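Reviewing the structure listed below.
The values are calculated or read from the model by the stated rules, or taken from the named source; none is laboratory data. Every value quoted in this text rests on a predicted model; they were computed, and no experiment measured them. Reconstructed Cβ throughout: ideal geometry from the backbone, glycine too, with neighbour counts over all protein chains shown.
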Amino acid sequence: MRRRRLAVVAGAVALTLGLVAWLGVERWVATTELPQLALETSVEVLARDGALLRAFTVGDGRWRLAVTADRVDPTYLAMLIAFEDRRFFDHGGVDVWALARAAWQAVRHGRLVSGGSTLTMQVARLLEDGSTGSWAGKLRQVRLALALERSLSKDEILALYLHHAPMGGNLEGVRAASLAWFGKGPERLTEAEAALLVALPQAPALRSPDLHPEAARAARDRVLARAEAAGVIGADAANAARREPVPRERRGFPRLAPHLAERLRAAEPERGVHRTTLDASLQAALESLAAGALLDLPPQATLALLVADTDSGAILASVGSADHTSFARRGFVDMTQALRSPGSTLKPLVYGLAFSDALAHPETILFDRPASYAGYAPRNFDHTFRGPVSAREALHASLNLPVVELTHALGPARLMSALRQAGIEAAVPGDAPGLAVSLGGVGMSLEGLVQLYAAIARGGEAVTLSAVNAAAEPRARLMTPEAAWHVADVLSGAPRPARLPDWPLAFKTGTSHGHRDALALGFDGVHVGGVWAGRADGAPVPGMYGVEVAAPVLFEAFARLGLRPAPLQSAPPGALIASNAALPAHLRQFGARLADTGDAPRVAFPPDGAALMPMAGGVVARVERGVAPFSWFANDAPLLLGSFEREARLSLDGPGFVTLAVVDAQGRAARVAFEVR
């Protein structure tokens, strides 16, 4: 009886001690201070298909790319569990049997032989960069592992390992390692590649394949042996994997579109992933093309290139500089964004507006002759005069005097208004545009010029170019579809050097004053592109011409898009295709019409290029000269017909840009463009 009571008391004491110990362990684990669990991963810039264009290191200079278990080859995951922690999904953070084995081996050998660490314990060590060779360090890992298992799911713990596992040098995580050692993501790995990534974290400094290839091979083969024994892979696969060489050098991470990538990162520094509309293969091809073009340029000159989809405005490739790392060439400057002189590449806009306003037609005779406009006396590039020429010939030859005469008739403010309508930044000294605007006297970016040519290619409808959020939403109509088609038709038929292919490509070249900028802009039925060449610091490059330097690169860029550019748009139904003799009388000769417009109507208000706030009852419009009755049109839509009053109050939709026209009884017209805010 007494013996039974002693047993009961002993059992109670043992139970109490066990309960106290259990409560102590529970408190010990519950009061564990967890390290920072939030993952800092590399900022990534992706192409339209998800391919990596550019990645940036995290704050401490390490490569740690975001990854999920479903984006990792299942063979790697199976090998990892089999080699590192085969009871990972069953234990609570600590594998008691593995720890017991490690303790027994330590007693027998007088030192730690095997760690007995679970994957959770390894995560604990990686999170705190803790010690692996001391009992104190191991005890801390046990405590933190138990705490992690109570706070996180197994998948979350595995995700931490997939991100933090050291893979040699400044590489962390399976995705960074796969890209650096194999040049591909971890979605599809060979058995040999998977085994190497399992082996590396155990001793990354001693097994780095580029520095210690034999040690890396031996460690990989041990993983393969364990995987074969565990039934993860078969004998044939294991033998084949052992014959596969280990990589002998580390690959660089993708660095495509560096200027755009850095611009996106600076604009949204908190965003982890920037998805773009770029085509990775095209971007790589055009960067290679631009780098090759440097061989024909002076040491301090560079080149920029941009290609976009005409319909959506999606930027497909953007090369800000042909050599991003060159200090001599100022390669760090993104020349797709820099404001530079467009040279003669604005001339198609002038002709398009003149065609749209029925001031001229491609077969209208213009006069290439000396002229002075309040002291401004432009000259042609070759200092010669050709006399009467058609508008088509004048644009083909890029003559200065006819386009200035058209600009004088349109008004420089009309050109600037059209650029604003298209959402294009254009800067002029003192915000006072003059006639020189049409000859390049304005600051514009290459991207802005490509956006302008996209509008011409789209039949006169502007579209915003974007590398992140392209959508075919037109902003405004710059010119009629007929005018845009005429411009494209003229540009596609322009004479070109024999070394350029005879493709259906509408293009225009330009060279700024002092040979500071050489440009070529062009489009086919699907794509629009532009090339700029020069010095980023604005210094002259003597002998540099757009047709010689930029045009060949533009044509080669279109060649990289396909074997042959897509056909241009067909003529719209309203296009007037006729010889000069068959044109209406007022379109046959531009100079004659101007001479007979002394009493033609003129819009006295609103002024051209103005910005107006709408008033109750509409916008006041006033016409001078001309013969009543008058008819008013806004963006080619009738507002008021047959009015005998010279002042009218017109109801205009807004906000937005408006081209207002008035036509008198004799069919003579006047136009202004302004903005309703």
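Within this structure, ALA338 passes the test of being buried (at least 17 other Cβ atoms within 10 Å of the Cβ) and within 17 Å of the chain's Cα centre (by Cα). Could you go through segment 466-486 and let me know if any residue there is over 24 Å from LEU419 (Cβ atoms) and part of a loop (DSSP other than H, G, I, E, B). Scanning segment 466-486 turns up no residue that is over 24 Å from LEU419 (Cβ atoms) and part of a loop (DSSP other than H, G, I, E, B). The one condition from (1) under 15 Å from ALA261 (Cα atoms); (2) surrounded by 24 or more Cβ atoms within 10 Å (Cβ to Cβ); (3) hydrophobic (A, V, I, L, M, F, W, C) that VAL307 does not meet is (1). When segment 346-378 is filtered for residues that are among the hydroxyl-bearing types (Ser, Thr, Tyr) and either in contact with a Phe, Trp or Tyr (Cβ under 8 Å, 6 or more places away or on another chain) or part of a loop (DSSP other than H, G, I, E, B) (or both), the ones remaining, listed by number, are THR364, SER372. Within the bounds of segment 564-573, is there any residue that is surrounded by 14 or more Cβ atoms within 10 Å (Cβ to Cβ), in contact with a Gly (Cβ under 7 Å, 6 or more places away or on another chain), of a type in the set (S, T, N, Q) and part of a loop (DSSP other than H, G, I, E, B)? Yes; the residues of segment 564-573 include at least one that is surrounded by 14 or more Cβ atoms within 10 Å (Cβ to Cβ), in contact with a Gly (Cβ under 7 Å, 6 or more places away or on another chain), of a type in the set (S, T, N, Q) and part of a loop (DSSP other than H, G, I, E, B). Determine, yes or no, whether LEU278 is at pLDDT below 95 and buried (at least 17 other Cβ atoms within 10 Å of the Cβ). So LEU278 does not fit the description; no.
Return yes or no: is GLY538 in a loop (DSSP other than H, G, I, E, B), modelled with pLDDT of 90 or more and outside the structural domain of HIS486 (by TED's automatic domain parsing)? Yes. If the condition is being touching a strand residue (DSSP E or B) at 6+ places or on another chain (Cβ under 7 Å) and either farther than 22 Å from PHE355 by Cα or surrounded by fewer than 20 Cβ atoms within 10 Å (Cβ to Cβ) (or both), then segment 664-677 contributes ASP664, ALA669, GLU675, VAL676, ARG677. Scanning segment 169-208 for residues that are in a loop (DSSP other than H, G, I, E, B) and surrounded by 24 or more Cβ atoms within 10 Å (Cβ to Cβ) yields a count of 2. Taking the listed residues GLY656, GLY626, GLY617, the one that is surrounded by 17 or more Cβ atoms within 10 Å (Cβ to Cβ) and of a type outside the set (Phe, Trp, Tyr) is GLY626, with no other qualifying. For segment 390-406, filtering for residues that are touching a Ser or Thr at 6+ places or on another chain (Cβ under 8 Å) and in a loop (DSSP other than H, G, I, E, B) leaves 1. With respect to ALA322, is the statement that it is touching a Pro at 6+ places or on another chain (Cβ under 7 Å) and modelled with pLDDT under 95 true? So ALA322 does not fit the description; no.
The one condition from (1) in a helix (DSSP H, G or I); (2) touching a Gly at 6+ places or on another chain (Cβ under 6 Å); (3) of a type outside the set (A, V, I, L, M, F, W, C) that ARG217 does not meet is (2). Scanning segment 407-420 for residues that are part of a helix (DSSP H, G or I) and within 17 Å of ALA374 (Cβ to Cβ) gives THR407, HIS408, ALA409, LEU410, PRO412, ALA413. The listed residues are PRO433, PRO402, and the only one of them that is farther than 30 Å from LEU303 by Cβ, more than 28 Å from the chain's Cα centre (by Cα), buried (at least 23 other Cβ atoms within 10 Å of the Cβ) and in contact (Cβ under 8 Å) with a residue 12 or more places away in the chain turns out to be PRO402. When segment 626-666 is filtered for residues that are of a type outside the set (A, V, I, L, M, F, W, C), touching a Ser or Thr at 6+ places or on another chain (Cβ under 9 Å) and either in a strand (DSSP E or B) or over 21 Å from ALA418 (Cα atoms) (or both), the ones remaining, listed by number, are PRO629, SER631, PRO638, GLY642, SER643, THR659, ASP664. Comparison of ALA377, ALA413, ALA432, ALA391 shows that the only residue that is within 25 Å of GLU461 (Cα to Cα), small (Gly, Ala, Ser) and modelled with pLDDT under 95 is ALA413. Determine whether LEU80 is farther than 30 Å from LEU260 by Cβ, at pLDDT 90 or above and part of a helix (DSSP H, G or I). When the stated conditions are applied, LEU80 passes them.
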